[in-house]
Amino acid sequence: MPNGSERDGVTGSSSAPDAAGAGSVRVEASAIPNLIGSLQSSLDEVGVQIEHAITELRIRPWAGDPVSTGTAARFNEYSVSGDRAALTALYGYRDRLQAASDALRAVENRYRETEDANASRMRTGC
């Protein structure tokens, strides 16, 4: 019995990841619009989380003493500043989602162009 993904027109690939760390996935053409919609929903949600992180996550030294100053600086480093911060991870996740969405849109367009060309050939007799 196929798993849920196989029933939805998506199957994983055991191919080795490329240099960017992304593997490949086989997708039935009919599944592409739903996948793009799901990716867009995820992008919208991540966008909200990024906005919250930018506007609400940074803290200020609450007591004005050296301990709270150091704690606030450390917290901000891990949450919104630096290469390993949560905000940096959210940006990376957003970028990967966008790249996947863009790739699916390109595949969908190529598929549609191929189908249109094939239909035209059938009408004109090759």
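Computed from the coordinates by the stated procedures, all read-outs in this text should not be read as laboratory data. Everything quoted here is computed from the prediction, not taken from an experiment. Cβ sites come from the backbone with ideal geometry, for glycine too, and all protein chains shown count toward neighbours.
Modelled this way, with points 7 Å down the Cα-to-C-beta line, the labels at Arg58 and Thr114 are 4.8 nm from one another.
Note down the net charge around Leu97, summing +1 for each Lys or Arg and -1 for each Asp or Glu among other residues with Cβ under 11 Å from its Cβ.
Values: positive: Arg94, Arg96; negative: Asp44, Glu45, Asp95, Asp102.
Result for the local shell: -2.
With only Lys, Arg, Asp and Glu charged, each at its Cβ (+1 for the first two, -1 for the last two), find how big the charge dipole of segment 30-126 is about the Cα centre; round to the nearest 20 debye. Each step should come with its number before you reach the end.
Working: 11 positive and 13 negative charges, 45 e Å.
The dipole of segment 30-126 has a size of about 220 debye.
Between Ile54, Tyr78, Tyr111, whose Cα lies farthest towards the positive end of the dipole of segment 31-124 when Lys and Arg beta carbons carry +1 and Asp and Glu beta carbons carry -1, centred on the Cα centre? So the residue we want is Tyr111.
Can you tell me the convex hull volume per residue for segment 18-119, based on C-alpha atoms, in Å³ to the nearest whole number? The partial results should precede the final answer.
On the way: hull volume 10.4 nm³, N = 102.
So the per-residue Cα hull volume is 102 Å³.
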